[in-house]
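The values are calculated or read from the model by the stated rules, or taken from the named source; none is laboratory data. All figures in this text were calculated on a predicted structure; none of them were measured in a lab. Glycine gets a Cβ as well: all are built from the backbone with ideal geometry, and neighbour counts include every protein chain shown.
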Amino acid sequence: MTTHQGEGAAAGSAVDEEEAARRALAVQMSWDDPEQQPGQPCPCGDADHVEECDCEEGAFLIHTMRIPGSLDELTLWEDHFTCTHGCNSYTQMVTLRETPWGVREQAVDRHGVPYERIRLFPGIVHGQEELLPGFGVA
């Protein structure tokens with residue numbers, strides 16, 4: 001099992017990669033019920049952020065997705081909220097210090113040149129993976 005010092009390791013504790021990957025996947029993949037209802041717990045665990053939408057009566061902005069929200073900050077996530085009637089949406093950045101979406105590591109390319117890369121945890125979907133440091137370097 002590999003252990004990495006993550007950004008959340010400022011307190012000096014090592015991040016167990018397997019546990020960190022499990023937490024990150026749970027955070028990203030918890031939206032199996034797109035019909036979240038006001039008053040019901042949100043998949044992210046915060047029941048207080050369901051908002052009424054002003055487009056029509058009975059419309060609410062609900063939390064619909066969470067993806068990595070940065071190319072270099074491993075604990076920054078982007079939350080997506082959408083109106084139940086389809087008229088409005090917005091995104092919000094949230095820092096989850098105990099839940100990085102990948103690891104920063106040193107690697108060596110095929111020519112022996114060292115470089116830094118960010119490796120996503122297995123199963124994590126990043127909307128801009130091809131822009132991550134070290135992506136595609138062999």
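A few comments on the model shown:
- Test: Arg97 is modelled with pLDDT under 95, within 24 Å of Glu18 (Cβ to Cβ) and of a type in the set (Lys, Arg): yes
- Residue list for the stretch 106-138, restricted to those being in a strand (DSSP E or B) and either exposed (fewer than 15 other Cβ atoms within 10 Å of the Cβ) or out of contact with any Lys or Arg (no Cβ under 9 Å at 6 or more places or on another chain) (or both): Gln106, Ala107, Val108, Pro114, Tyr115, Glu116, Leu120
- Residue in the stretch 67-86 that is surrounded by the most Cβ atoms within 10 Å (Cβ to Cβ), counting only those that are more than 16 Å from Leu131 (Cα to Cα) and hydroxyl-bearing (Ser, Thr, Tyr): Thr84
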